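What follows is a single structure, written as structure tokens, with notes after it.
Rule-based calculations on the coordinates, nothing more; no lab input. Quick caveat, the model's predicted, so the values are computed rather than measured. Cβ placement follows ideal geometry from the backbone for every residue including glycine, while neighbour counts extend to all protein chains displayed.
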Amino acid sequence: MSNKLMQTVSLFVMIFIAQKSGGKTMVATLIADLLTLNAIPFRAFQVDDQKRLSHMIGETVVDLRPNPDLLIDDPTIAVRALTPFYDSVRASVTDKAVTLLDTGANEVENVTNFLSAVDFATDIAEWNVPAFACVPFYPLDPESTAQAAFTVGRLREAVPNIRLILIENRHLGSAERIVAGSIAEANYADLLAKAASAERIVMPMIHREYWAPFEGSGIRFLKALAMDPEDGARRLGRSVGEIKIMKSAIARFWRQMHAQFSRIIDLPEGGE
């Protein structure tokens, strides 16, 4: 975590990006719900062949992944397809809507090449629109930390003034469990060095048994938290007691993530 917390902002652009899976869409869904709860308008985009974000928050998500058959004849389509995201950030100067971009695996190069090609760094400085990049990773997975370091490097080359947010996803364990002298320790140290000035957020573990049924049914955080246990039991095929336990775990996750993101963006609603 940086020594000096960033001044909270309400207008921004946020990109959820990592070379491999690390919880990008889960964090994107959380931010979309926190914005909704705080009545902050936003536009959401995804470049993901799995279309995970639209599965979670609905058809309002604009899908930017081009037809893969067209890429054979024109590989530049993958980069040019991101222009609606750029147009949204440009429009936010006047309409004050937040722009979110959720990226799938192996999209780091396409996204960073695009940001570099449009000179995104200059534009966000001129428009006075803070740009954040959320990079989730698993600290115990050497490949995850190596890929996160690669992502951080590409982002800083493409957009030197982007505000990095490293998200330590504890689903597979916390950084405190890294074995001394291991590859995981070396890769983790390299990641922290490359992202030395980044904000750092700890993403608490939430048991898959508690979240996966909601996620699989496309039930976002706000709906899960507001769901009547009896309705949830009928919809998910669980007992009322199980639904209450699952909701309690989701509520703890929600409160902890809200508290951390509230240091960075203006989110008065969504805590206790």
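Miscellaneous remarks
- Prolate/oblate/rounded label for the range 50-173 (Cα gyration tensor, a/c 1.5): rounded
- Fewest-first sequence of Val152, Val108 by Cβ atoms within 10 Å of each Cβ: Val108, Val152
- Environment charge at Glu215 (Cβ cut-off 10 Å; Lys +1, Arg +1, Asp -1, Glu -1): +3
- Between Arg177 and Asp266, the simple spin-label model (points 7 angstrom out along Cα→Cβ) gives 4.0 nm.
- Under 11 Å from a label point set 7 Å out along the Cα-to-Cβ vector of Thr8, the amide N atoms of the range 240-272 belong to 259-271.
- Proxy reagent accessibility, fewest Cβ within 10 Å first, across Arg220, Arg234: Arg234, Arg220
- The order of Trp211, Trp127, going from fewest to most other C-beta atoms within 10 Å of their C-beta, is Trp127, Trp211.
- Segment Val240-Ala39, length gained on full extension (0.36 nm per residue, minus Cα span): 69.3 nm
- Charge-dipole axis of the chain as Lys and Arg at +1 and Asp and Glu at -1 on Cβ define it, positive-most pick from Ile162, Trp254, Ala121: Trp254
- If you model the chain as an ellipsoid using its alpha carbon gyration tensor, with each semi-axis the square root of five times an eigenvalue, the axes come out at 28, 23, 20 Å, biggest first.
- Note on the range 98-226: the C-alpha convex hull projects to 9.4 nm² when averaged across all orientations.
- Whole-number percent relative contact order across the range 158-272, with pairs defined as alpha carbons under 8 Å at least 6 apart: 24 percent
- For the cross-link pairs Lys51/Lys194; Lys51/Lys247; Lys20/Lys194; Lys20/Lys51; Lys223/Lys244, the ones whose C-alpha atoms lie over 20 Å apart are Lys51/Lys194; Lys51/Lys247.
- Mean separation of Cα pairs under 8 Å and 6 or more residues apart, divided by the residue count, gives the chain a relative contact order of 25 percent.
- Counted as membrane-span-like here are DSSP H helices of the chain whose alpha-carbon atoms extend 27 Å or more along the helix's own axis and whose Kyte-Doolittle mean is -0.5 or above; these are 240-261.
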